[in-house]
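FYI, it's all coordinate maths here, none of it is from the lab. On a predicted model such as this, the values are computed, not experimentally measured, just so you know. Ideal geometry is used to build each Cβ from the backbone, glycine not excepted, and the neighbour counts take in all protein chains shown.
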Amino acid sequence: MKRKAVSALCCASLCLSMLACAGCSTENAPNAASGDTSADVASTPENQGFDGVFDATVNAGNAQEVVYVNGSWFDMGRQYGSQQKEQLENNWASVMALIYTEADDAAYNEAMGKILKHYEEDEPAVFDFLSGIADGAGISKEDAVVAVMGSSVLNYDLMMHYDPERSKTCMNVSAWGNMTQDGHHLGGANLDAISATPAAMFSGMISYPDDGYAVIASGGLQGNAFMNSEGLIITYAGGPQASPSEGAEVIDREGTFLDTLFAYWYAATKCATADEAVKMLTETEWIHTGNINVSDNNGNAYLIEQKDNAFVVRKAGDYGETDYLIAANHFKDESWMNDSYEAYPDSEP
């Protein structure tokens, strides 16, 4: 099986820019068997006999591995777990050192068991994916929850507390129409904060689910930039030290709860448009504070400014933007917070 390059992947030392063209479609998805983790990602001779992992040369001269998964949710999890075993184990150890150091085995298994039961009953695709990760990495399902879903807590501890050495974290942008050279839809994000946590660094990922849209992801399940085969782009920028101002609307969401970064990949597999993704993400609980940039090939773009269960959604044009939407670590909506400006003055526009 030979397949042309699936996308242009341009990384710059943990910085990923993603391009979505109007011609993208799921017709490019392979028809390989679900247990097959091999992929022919480029047509150059050196990729003959490709084993499923390749190095993407980045602008800064570094390289980031990219893994390929396909098939059912269980199959994708198993393939991901087998290829990312070391990263998953490192992430598990980092999370345990931060939040579960005093928990005994019984308390740990009870807490993780409740999460697994929630997914099994309410979000079976996620349960199957975690079960596959456990099988592929040779770990328990409980440990798979911590290794994958625990990163929100890990990153929350690292990103949400003021660090004078880190004046800002990520930013994201989407553009289209008159703001791009050929009118095509573009999206990008840089990932700064995670550079302080090499133990949690994951490879990029290209996924072709049997039930869902193909997605290319920076940092796999732990990245902040995701593009699917329908041209939907979801990027994330943290809002360190930020909390809702008095009077900000808090909405009780009754949907599933997911790890913050995992939620964006999962939404990209399920949603074809920005409107669909915003609906799904605002019905999903997570713990991060930040800006989620959601855009599609139809010229629709939104920023979800959120902290825990409080959020505001704004559209491109609400603050005079024409054919673009950009965010860093501050918030624009007047009903929201100002403390992120004080803690991170460099991110103030």
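Brief remarks on what is shown
- Highest mean first, the peptides 318-330, 78-90 sorted by other C-beta atoms within 10 Å per residue fall in the order 78-90, 318-330.
- Taking one quarter of the surface of the convex hull spanned by the alpha-carbon atoms of the stretch 73-149 gives a direction-averaged projected area of 4.4 nm².
- Dipole magnitude for the stretch 73-149: about 200 debye, using +1 per Lys or Arg Cβ and -1 per Asp or Glu Cβ, origin at the Cα centre.
- Across the stretch 270-284, rounded Karplus estimates of 3J(HN,Hα) from the backbone phi angles (6.51 cos²θ - 1.76 cosθ + 1.60, θ = phi - 60°) give 9, 10, 9, 10, 5, 4, 5, 5, 4, 4, 5, 5, 7, 9, 10 Hz, Gly and Pro being marked x.
- Computed extension gain for ASP318 through THR180, at 0.36 nm per residue and net of the alpha carbon distance, reaches 47.7 nm.
- Near LYS270, once Lys and Arg are set to +1 and Asp and Glu to -1 for all other residues with Cβ below 12 Å from its Cβ, the sum equals -4.
- Distance (nanometres) between label positions extended 7 Å along Cα→Cβ at GLU283 and ASP104: 4.1 nm
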